[in-house]
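Inspection log for the structure reproduced underneath, given as structure tokens.
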Amino acid sequence: MTSCLLAIDNGSQSTKVTIFDPRGHALASARRRLRPYDISVPGHAIHPDDDIWDSIREACRDAMAQFSGNPADIAAVGLCTIRFCRALLAADGSLAEPVLSWMDERVSRPYEPSNPLARYVTTSSGYITHRLTGQFVDAAANYQGVWPIDRDTAAWSSDPAAYAATGMTRDMLLDLVSPGGLLGEVTPAAAEATGIPAGLPVYATANDKAVEALGSGLEENGTVLLSLGTYIAAMTIGSSSTSADDSYWANFAARPGKYLYESTGIRRGMWTVSWYRTVLEGSQGEERPAEMAGLEEALNAEASELAPGSNGLLTLPDWLAPASAVWRRGALLGFDGSQGRAHIYRSILEGIALTMANHTAAMEQALGRRLAPVLVSGGGSRSDLMMQIVADVFGRPTQRTTVVDAAGVGAAICAAVGHGIYPDWGGATAAMVTAGDEFAPDSRAARAYQQINKVYAGLTTFTDPLFRAVADGLQDLERT
């Protein structure tokens, strides 16, 4: 019997469910988009109704329908969901209210009890774990942000001050399970809803970035991973639970006892690229995927013919401001009438690469070492143009993953180790992760980007005062 693995990868924009064989090859997959966030209240971002579970349930059913093998060949499930979410559960494990997105300002503050139905406070993975297994447990490595967790032990803190600081009590929190640990088994009700066979073991993973890093083959060997997703960050692996300075932060990795060092990021990274394509396509663009794919192909071809620098057009990719500079906005600077749609498109890609090269350099300085090569994952890694720009801007070789859904592979690895298909993490990763295409930096383009970055790296010293003034002016308008 082949021991296949079903991986659930619930991200910010969609849920992807893939059935892998033990070598990491996808046998069946399905994707369901999440509905737009409810942002009707300023500062709030809510997953409407039961949207996360609905997308997981539907994607599971679709993947199972596509699977041509015997369902009995599926040995285990790996569960990975969006990090930084907050879910309030009633006593029976149902949602007391819709899940708060990571973009909701309330998740960065201590919990304030306001819903009398809320019995438990957990993450999105804690909620989905209960929906799948009926158990009140959660993945320890998905607790990032305002939680009373001991970052050295990955267990709930023994310090009463930690609970006071987060507004939570221990009895409101679910029991924690390490990556690769057993969360429970699929209940008959969950099996009926998802099509997953009842009784399958469900294994813990970690936060979605850490699981993506695992599925990309990121090891503690000096490499760096650039994750080109909705949220973009540069990551490497280490063994300390604390960071040397604020150029990066340490969060739990998807291997017990390890930590993911994560640079400052871009909060709406590849989302900005999708936004621009939608603007060009028109308001119905997202409803015509074939046309959008054709537009993307055309933009990549046109932008590939342009020289580095997009004829003087520079993009600051702050379409969603960083928490440390809430006044910032995205900007396209340098129009002189000579640029067209391809210049704008390439400039957005260059702005992402330049921003992340500078964030990576700051992390490297803090760590005291140069990180290379550059692994690249996420939807943005499918673009040859983007891969070449990253290689040229970073000035070092880049290599992409062979699958778009690296987090799915990471979830499958966690399930494979937990279920004993592989005896250890190194063996599972070596067997299930395959290296993809490599891109070498072009020396002439790399030199051009070095010159461009001398200007680009200092742009915010000029734009910050402008956007501060804009923010103050908007506040004045709201008060009048």
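The values are calculated or read from the model by the stated rules, or taken from the named source; none is laboratory data. Since the model is a prediction, treat every value here as computed from it, not as a measurement. Positions of Cβ are generated from backbone atoms using ideal geometry, with glycine treated the same way; all protein chains shown enter the neighbour counts. Side chains included, ligands, DNA and RNA excluded: accessible areas come from the protein's heavy atoms. Shrake-Rupley method; radii C 1.70, N 1.55, O 1.52, S 1.80 Å.
Residues in the range 1-25 that are surrounded by fewer than 17 Cβ atoms within 10 Å (Cβ to Cβ) and part of a strand (DSSP E or B): Ser14 only.
In the range 353-387, what residues are touching a Gly at 6+ places or on another chain (Cβ under 6 Å) and small (Gly, Ala, Ser)? Hit for the range 353-387 is Gly378, nothing else. Residue-level analysis places Val177 outside the set of residues that are open to solvent by less than 40 Å² (accessible area, probe 1.4 Å) and within 18 Å of Ser55 (Cβ to Cβ). Return the total of residues in the range 33-87 being small (Gly, Ala, Ser), assigned to a loop (DSSP other than H, G, I, E, B) and over 30 Å from Arg23 (Cβ atoms). Looking only at that region, the number is 3.
Filtered by the rule that a residue be out of contact with any Lys or Arg (no Cβ under 9 Å at 6 or more places or on another chain), of a type in the set (Ser, Thr, Tyr) and under 18 Å from Arg57 (Cα atoms), the range 105-142 gives Tyr127, Thr129, Thr133.
Contact map, the range 70-82: residues that are touching a residue at least 40 places away in the same chain (Cβ under 8 Å) paired with residues that are acidic (Asp, Glu) and part of a helix (DSSP H, G or I), Cβ distance under 9 Å, separation 6+ or inter-chain. Pairs shown: Cys80/Asp208; Cys80/Glu212; Thr81/Asp208; Ile82/Asp208.
The single condition among (1) in contact (Cβ under 8 Å) with a residue 24 or more places away in the chain; (2) assigned to a loop (DSSP other than H, G, I, E, B); (3) in contact with a strand residue (DSSP E or B) (Cβ under 9 Å, 6 or more places away or on another chain) that Asn221 does not meet is (1). The residue list Gln399, Gln388, Gln365 contains one member that is in contact with an Asp or Glu (Cβ under 7 Å, 6 or more places away or on another chain), touching a residue at least 40 places away in the same chain (Cβ under 8 Å) and open to solvent by 30 Å² or more (accessible area, probe 1.4 Å), which is Gln399. Checked against the criterion of being farther than 27 Å from Arg35 by Cβ, small (Gly, Ala, Ser), part of a helix (DSSP H, G or I) and open to solvent by less than 50 Å² (accessible area, probe 1.4 Å), the candidates Ala190, Ala162 yield just one match: Ala162.
Of the residues in the range 408-423, none is under 27 Å from Ser12 (Cα atoms), under 28 Å from the mean Cα position of the chain (by Cα), surrounded by 13 or more Cβ atoms within 10 Å (Cβ to Cβ) and at pLDDT below 95.
Scanning the range 138-159 for residues that are in contact (Cβ under 8 Å) with a residue 60 or more places away in the chain, in contact with a strand residue (DSSP E or B) (Cβ under 8 Å, 6 or more places away or on another chain) and open to solvent by 10 Å² or more (accessible area, probe 1.4 Å) turns up Arg151, Ala154. Apart from one condition, Val211 fits all of (1) surrounded by fewer than 18 Cβ atoms within 10 Å (Cβ to Cβ); (2) modelled with pLDDT of 95 or more; the exception is (1).
Across the range 88-110, the number of residues qualifying as part of a helix (DSSP H, G or I) and surrounded by 15 or more Cβ atoms within 10 Å (Cβ to Cβ) comes to 2. Just one residue in the set Thr315, Thr272 is without any contact (Cβ under 8 Å) to a residue 40 or more places away in the chain and surrounded by 19 or more Cβ atoms within 10 Å (Cβ to Cβ); that residue is Thr315.
Note on the range 343-358: among residues that are under 17 Å from Glu302 (Cβ atoms) and open to solvent by 10 Å² or more (accessible area, probe 1.4 Å), the one that is nearest to the chain's Cα centre (by Cα) is Arg346.
Tell me, yes or no, whether the range 111-126 has at least one residue that is out of contact with any Pro (no Cβ under 6 Å at 6 or more places or on another chain), modelled with pLDDT of 95 or more, in a loop (DSSP other than H, G, I, E, B) and over 17 Å from Thr169 (Cα atoms). No, there is no match, as no residue in the range 111-126 is out of contact with any Pro (no Cβ under 6 Å at 6 or more places or on another chain), modelled with pLDDT of 95 or more, in a loop (DSSP other than H, G, I, E, B) and over 17 Å from Thr169 (Cα atoms). The residues of the range 405-451 that are in contact with a Gly (Cβ under 6 Å, 6 or more places away or on another chain) and not in a helix (DSSP H, G or I), listed by number, are Val433, Pro441. Under the condition of being over 23 Å from the mean Cα position of the chain (by Cα), within 22 Å of Gly410 (Cα to Cα) and part of a loop (DSSP other than H, G, I, E, B), the residues counted in the range 165-187 number 1.
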